[in-house]
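S.K.: The structure follows.
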Amino acid sequence: MMLSVARSSARNRSLLYTKCCRGLSSSAVGNHTSNNESDKIPTNISPIHTSLALSVHFRHPDLGMKDYEILSRATAFLLNVDPPNPEGEAPNQSAASDATSSPSSSTHNSRGLVQKSAFPHLKENRDLRKELLRKQHYSYDPASGPPRLPHQLNWLEFCPTNFRPKVHVVASSHVISPWLWPKYYGQDWLQIVTQEHVRYSLEVWSSNEGLNSSVNVGHDGKLKGEYKPVAKFALNPYPIHHPTEMDLAVIHLKQEEEALKQMMKLGIQPLNLPTAHDFENDDSPVFEAGEKVLFQGFEVYEANMTDQETVSGTDIAKKEEDDERVFHPYSSLGNLTFASPDRFLSQTKGGPLPEGLCGGPVIQIPASGKNGKQTPMNIRGVVEGIVPTNHDNPQIAGHASFIPSYRIREFVDFAEKIMLEQIIDSDLFKRCVDMKEQKNNTRGTVYGDDGNILDSEDDDDEPADPKLLAGIEGTGDSYNTPQLDREFQDIVSSLHEKHSPEEVDAILATVERERKEVAEILEKEGGDVDDVIERVRRKTYEEKEKLMKEIMDEMTGQSKKS
């Protein structure tokens with residue numbers, strides 16, 4: 001990131017360059033291995049698809065400023081709020097999956113330019129039909145992604161998409177609000193700058209070569225060719241920063257719906273982040289030395305000063321002298337070398353990352369999905385900076401430093417919880433918290449603040465007919481008890497393999513409650529067992545549906561006050 005130094009007594013500007021890095025211990029290095037460089041890395045994953053050019057402008061009257069001037073520039077990217085749906089298409093963004101498919105089947109090439117199709121209406125009709133079928137039972141757009149239990153949802157998924165953002169704009173905190181980082185910048189004047197003095201914008205960049213031009217990204221540094229900005233989008237001036245000074249912030253698009261439509265047409269790809277539930281139940285290693293990742297974003301460098309001088313004395317020159325830096329797309333393959341709880345290091349194929357990459361996405365190499373299409377792209381982290389090239393330990397000198405994805409998820413959950421609390425009524429928010437934290441006694445086991453199981457309600461009203469109970473036996477104190485038949489034992493054993501103990505307990509508690517309800521109905525009313533089971537299962541989701549309806553009513557002002 002680079003910061004303009006403003007002086008109220010003179011209109012000249014100088015530039016301060018920083019590497020956005022933090023010192024690391026010379027002993028903080030792990031053993032690492034290098035994978036074969038001939039491994040196939042997708043060449044159609046371009047930084048002009050996955051990242052955006054972020055500019056922060058400011059104006060402060062005490063500094064003698066009449067117009068907005070550049071304060072900082074770096075990289076940002078879009079992060080989907082909802083996880084990908086089971087078909088592998090990014091939520092609410094049908095164009096997102098197209099941007100990562102192979103060039104022959106994509107609607108955009110690797111430079112973000114639209115590719116023509118002989119039958120575009122066929123895909124449009126198919127997508128429209130799919131969307132109508134998905135929404136036919138909803139008053140508002142529902143959260144997408146695979147079906148999950150309430151406590152497995154992300155915080156904003158409790159709120160209909162009409163009333164909350166579909167994407168976060170992720171960036172470095174020190175770029176969004178430099179005045180919060182005095183240890184990075186020593187200028188006294190910066191300390192009088194506050195949020196009210198700045199405004200934010202994102203730019204989409206594309207190639208100068210015209211429609212249907214194509215290029216293979218070598219992931220070895222600055223992209224070849226010439227590029228230009230093709231669209232600019234404003235951001236709301238309300239960033240949320242990491243609470244414990246990790247270099248992370250999220251901010252959001254103004255007029256998001258229209259902005260996203262235009263971005264999708266230009267080939268922008270919102271990226272994905274595994275949910276907290278995914279992280280908790282993923283058995284794969286958190287860090288594996290030698291793993292390949294992609295560092296993408298925009299290099300920010302100083303323009304040719306000779307060109308500036310040729311227009312000296314003109315209005316254009318006055319504008320340009322305030323900001324002589326330009327963006328250029330950048331992509332580098334990396335190999336993970338070291339891990340600590342809050343930071344991963346990686347050697348980068350293109351050499352030390354240049355200025356401007358701070359806040360850029362570190363992308364997990366996507367696997368091939370169905371029909372040869374790449375799976376939705378997940379981030380592996382967010383670029384923090386580089387280890388100084390003159391570091392005492394030459395094994396890590398110049399390596400890229402990034403904040404790992406599980407730390408990103410912790411921060412995004414923190415930010416989304418704040419946002420949800422501001423969006424919905426306080427009573428509804430408390431109920432969402434109870435459901436998220438599994439404190440709802442109508443859904444099974446009740447947990448206290450210390451995580452221990454609280455006493456459940458009395459079971460004295462359980463039906464006493466042994467024949468009836470034997471026919472609907474479901475769970476017990478252990479998943480390996482005589483009352484479970486072999487098939488049910490296999491199912492429960494599988495649950496223990498794929499879910500945490502708390503989640504298995506919640507699932508089995510729900511089954512136990514449904515078992516008792518089925519038994520009570522059959523004992524009191526009789527009827528077909530399958531019909532009763534379906535009736536009870538449907539009731540299991542009534543509270544969630546009721547809560548979602550109350551949230552929607554609250555958002556539209558239709559909530560009835562008792």
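The values are calculated or read from the model by the stated rules, or taken from the named source; none is laboratory data. These numbers come from a predicted model, not from an experiment. Here the Cβ positions follow ideal geometry from the backbone for every residue, glycine too, while neighbour counts run over all protein chains shown. Quick note on the areas: whole protein, heavy atoms, side chains included, nothing else; ligands and nucleic acids left out. Shrake-Rupley method; radii C 1.70, N 1.55, O 1.52, S 1.80 Å.
S.K.: Identify all residues within the range 522-545 that are exposed (fewer than 11 other Cβ atoms within 10 Å of the Cβ), at pLDDT 75 or above and closer than 30 Å to ASP425 by Cβ; write none if there are none.
M.R.: The one that is exposed (fewer than 11 other Cβ atoms within 10 Å of the Cβ), at pLDDT 75 or above and closer than 30 Å to ASP425 by Cβ: ARG538.
S.K.: Checking the conditions here, which among ALA259, ALA234 is outside any strand (DSSP E or B), open to solvent by less than 90 Å² (accessible area, probe 1.4 Å) and aliphatic (A, V, I, L, M)?
M.R.: Details: ALA234 fails: outside any strand (DSSP E or B).
Only one candidate passes the filter, namely ALA259.
S.K.: Quick test of your reading of the structure: GLN296 fulfils all but one of (1) polar (S, T, N, Q); (2) without any contact (Cβ under 8 Å) to a residue 24 or more places away in the chain; (3) open to solvent by less than 10 Å² (accessible area, probe 1.4 Å). Name the failing condition by number.
M.R.: It is condition (2) that GLN296 fails.
S.K.: Somewhere in the range 36-51, is a residue among the β-branched types (Val, Ile, Thr), over 22 Å from SER331 (Cβ atoms) and at pLDDT below 90? Even if it seems obvious, please write down each step before you answer.
M.R.: Of all residues in the range 36-51, those among the β-branched types (Val, Ile, Thr) come to 41, 43, 45, 48, 50.
Subsequent filtering for residues that are over 22 Å from SER331 (Cβ atoms) retains none.
Scanning the range 36-51, I find no residue that is among the β-branched types (Val, Ile, Thr), over 22 Å from SER331 (Cβ atoms) and at pLDDT below 90, so the answer is no.
S.K.: Quick check on this structure: which one of TYR200, TYR184, TYR238 is aromatic (Phe, Trp, Tyr) and either closer than 28 Å to ILE41 by Cα or without any contact (Cβ under 8 Å) to a residue 60 or more places away in the chain (or both)? Please lay out each step first, then the result.
M.R.: Numbers: TYR200 fails: either closer than 28 Å to ILE41 by Cα or without any contact (Cβ under 8 Å) to a residue 60 or more places away in the chain (or both); TYR184 fails: either closer than 28 Å to ILE41 by Cα or without any contact (Cβ under 8 Å) to a residue 60 or more places away in the chain (or both).
The match here is TYR238.
S.K.: Could you list all residues from the range 246-256 that are open to solvent by 40 Å² or more (accessible area, probe 1.4 Å) and in contact (Cβ under 8 Å) with a residue 40 or more places away in the chain?
M.R.: Within the range 246-256, the subset open to solvent by 40 Å² or more (accessible area, probe 1.4 Å) is 254-255.
Those that are open to solvent by 40 Å² or more (accessible area, probe 1.4 Å) and in contact (Cβ under 8 Å) with a residue 40 or more places away in the chain: none in the range 246-256.
S.K.: When PHE411 is evaluated against the numbered criteria (1) touching a Gly at 6+ places or on another chain (Cβ under 7 Å); (2) within 15 Å of ASP247 (Cα to Cα), which criterion, by number, is the only one it fails?
M.R.: (1)
Every residue, every condition in (1) at pLDDT 90 or above; (2) in a loop (DSSP other than H, G, I, E, B), yes or no:
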| position | (1), (2) |
| --- | --- |
| LYS123 | no, no |
| SER139 | no, yes |
| ASN162 | no, no |
| VAL169 | yes, no |
| GLY186 | no, yes |
| LEU190 | yes, no |
| ARG199 | yes, no |
| SER214 | no, yes |
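S.K.: Can you name the residue in the range 415-441 that is touching a strand residue (DSSP E or B) at 6+ places or on another chain (Cβ under 8 Å) and open to solvent by 10 Å² or more (accessible area, probe 1.4 Å) and, of all such residues, is farthest from VAL250 (Cα to Cα)?
M.R.: Checking each candidate, the answer is LYS439.
S.K.: Same structure, new question: Quick check: is even one residue across the range 209-223 without any contact (Cβ under 8 Å) to a residue 60 or more places away in the chain and open to solvent by 40 Å² or more (accessible area, probe 1.4 Å)?
M.R.: No.
S.K.: If you don't mind, there's one more thing I want to ask. Hey, could you check the range 265-283 for residues that are touching a strand residue (DSSP E or B) at 6+ places or on another chain (Cβ under 9 Å) and open to solvent by less than 20 Å² (accessible area, probe 1.4 Å) and say which is farthest from HIS168 (Cα to Cα)? Walk me through it before giving the result.
M.R.: In the first step, residues of the range 265-283 are kept if they are touching a strand residue (DSSP E or B) at 6+ places or on another chain (Cβ under 9 Å); the result is 265-274.
Retained after the next criterion (residues that are open to solvent by less than 20 Å² (accessible area, probe 1.4 Å)): 267-273.
Numbers: GLY267: 17, ILE268: 14, GLN269: 13, PRO270: 9, LEU271: 10, ASN272: 10, LEU273: 11 Å.
Once the filter is applied, the top-ranked residue is GLY267.
S.K.: List the pairs whose first member sits in the range 264-288 and is acidic (Asp, Glu), whose second member is in a loop (DSSP other than H, G, I, E, B), and whose Cβ atoms are under 9 Å apart, counting only residues at least 6 apart or on separate chains?
M.R.: Close Cβ pairs (under 9 Å, with a partner that is in a loop (DSSP other than H, G, I, E, B)) amount to ASP278/PRO83; GLU280/HIS499; GLU280/SER500; ASP282/PRO274.
S.K.: For the range 457-468, does any single residue satisfy the condition of being surrounded by fewer than 18 Cβ atoms within 10 Å (Cβ to Cβ), at pLDDT below 85 and basic (Lys, Arg)?
M.R.: Checked against the condition, which is being surrounded by fewer than 18 Cβ atoms within 10 Å (Cβ to Cβ), at pLDDT below 85 and basic (Lys, Arg), the range 457-468 yields at least one hit.
S.K.: I'd like the residue in the range 331-358 that is within 23 Å of the chain's Cα centre (by Cα) and among the charged types (D, E, K, R) and, out of all such residues, is surrounded by the fewest Cβ atoms within 10 Å (Cβ to Cβ).
M.R.: So the residue we want is ASP342.
S.K.: While we're here: Would you pick out the residues in the range 324-360 that are within 13 Å of LYS292 (Cβ to Cβ) and of a type in the set (Val, Ile, Thr)?
M.R.: THR337, THR348
S.K.: Collect the residues in the range 284-327 that are of a type in the set (Gly, Ala, Ser) and either assigned to a loop (DSSP other than H, G, I, E, B) or modelled with pLDDT under 55 (or both), keeping them in residue-number order.
M.R.: Quick first cut of the range 284-327, residues of a type in the set (Gly, Ala, Ser) only: 284, 289-290, 297, 303, 312-313, 317.
Within the range 284-327, SER284, ALA289, GLY290, ALA303, SER312, GLY313, ALA317 qualify.
S.K.: Are any of the residues in the range 238-255 on the phi > 0 side of the Ramachandran plot and assigned to a loop (DSSP other than H, G, I, E, B)? Working first, answer last.
M.R.: Taking the range 238-255 as the starting set, the residues that turn out to be on the phi > 0 side of the Ramachandran plot are 245, 255.
In the following step, the residues that additionally are assigned to a loop (DSSP other than H, G, I, E, B) were identified as 245, 255.
The answer is yes; a qualifying residue exists.
S.K.: For GLY218, work out the one condition from (1) under 28 Å from THR43 (Cβ atoms); (2) outside any loop (DSSP other than H, G, I, E, B) it doesn't fulfil.
M.R.: GLY218 satisfies all of (1) under 28 Å from THR43 (Cβ atoms); (2) outside any loop (DSSP other than H, G, I, E, B) except (2).
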